[in-house]
1. Quick one: is residue 157 among the polar types (S, T, N, Q), at pLDDT below 85 and assigned to a helix (DSSP H, G or I)?
2. Pairs, please: C-beta under 6 Å, at least 6 apart or cross-chain, first residue among the β-branched types (Val, Ile, Thr) and in segment 43-63, second surrounded by 16 or more Cβ atoms within 10 Å (Cβ to Cβ)?
3. Might you check whether a residue that is within 19 Å of residue 32 (Cβ to Cβ), hydrophobic (A, V, I, L, M, F, W, C) and surrounded by fewer than 12 Cβ atoms within 10 Å (Cβ to Cβ) occurs anywhere in segment 88-107?
4. Does residue 107 count as modelled with pLDDT of 85 or more, of a type outside the set (A, V, I, L, M) and closer than 15 Å to residue 138 by Cα?
5. Surrounded by fewer than 20 Cβ atoms within 10 Å (Cβ to Cβ) and touching a Leu at 6+ places or on another chain (Cβ under 9 Å), is that true of residue 59?
6. Hey, does segment 143-151 have a residue that's of a type in the set (A, V, I, L, M, F, W, C) and over 29 Å from residue 45 (Cβ atoms)?
7. If I go through segment 145-168 residue by residue, how many of them are without any contact (Cβ under 8 Å) to a residue 40 or more places away in the chain and surrounded by 15 or more Cβ atoms within 10 Å (Cβ to Cβ)?
8. How many residues are farther than 16 Å from residue 72 by Cα, free of Cβ contacts under 8 Å to residues at least 60 places away in the same chain and not aliphatic (A, V, I, L, M) when one looks only at segment 85-112?
Amino acid sequence: MLTLVGALCVMAATVGSFGEVRLAMHRRTIELLAWLGAVRLLQSEMSYGLTPLPRLCVLISRQVGGVVGEFWAVLADGLAERTDAHLPLLWAEGINCCRRRWHLRADDIAVLDELGYGLGGSGLHNQRRMLALAEERLVRLADDAAAEYSRLARLLTGLGWCGGLILVCLWI
């Protein structure tokens, strides 16, 4: 009886471990899509609205929600508290503060770093071009992440079950 309970625990641990990897891949896709939504909202407000940036950050935070929304809330707080601070500096501080909870890779973060560096530092035309470039890159990254997830999700589930069965067979 104890062997059966141990075997079930081993199976649950291996299936759960590979399930966490699969879930992290799915969350990366969701976070990239949230960033894409935030960039699109930023583009539309920059083109058609006259919303002040701190208020716009709060609006984006509410719209995208989740861990990406937390970044925009931190940025809004930083803009409200430190009116003399440079936007790229606040952006970098916000990314460093929030990135531990994200499931993004280094190349995803690099796109976000470049986005923050270009905001507020040049004219409206250059900022629009920079936002369009960031949107294009985020679309490509989100598509790649979704394709990777769809390609590997079933494989990771199967590896969890097979790995658990192998461990149980080796143990018994």
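The values are calculated or read from the model by the stated rules, or taken from the named source; none is laboratory data. Treat the numbers as computed from the prediction; the structure is a model and nothing was measured. Ideal geometry is used to build each Cβ from the backbone, glycine not excepted, and the neighbour counts take in all protein chains shown.
1. yes
2. From residues that are among the β-branched types (Val, Ile, Thr), the pairs are 51/45; 58/76; 60/38; 60/41; 60/72.
3. Scanning segment 88-107, I find at least one residue that is within 19 Å of residue 32 (Cβ to Cβ), hydrophobic (A, V, I, L, M, F, W, C) and surrounded by fewer than 12 Cβ atoms within 10 Å (Cβ to Cβ), so the answer is yes.
4. yes
5. Spelling it out, residue 59 is indeed surrounded by fewer than 20 Cβ atoms within 10 Å (Cβ to Cβ) and touching a Leu at 6+ places or on another chain (Cβ under 9 Å).
6. The answer is yes, given that some residue of segment 143-151 is of a type in the set (A, V, I, L, M, F, W, C) and over 29 Å from residue 45 (Cβ atoms).
7. 0
8. Of the residues in segment 85-112, 1 are farther than 16 Å from residue 72 by Cα, free of Cβ contacts under 8 Å to residues at least 60 places away in the same chain and not aliphatic (A, V, I, L, M).
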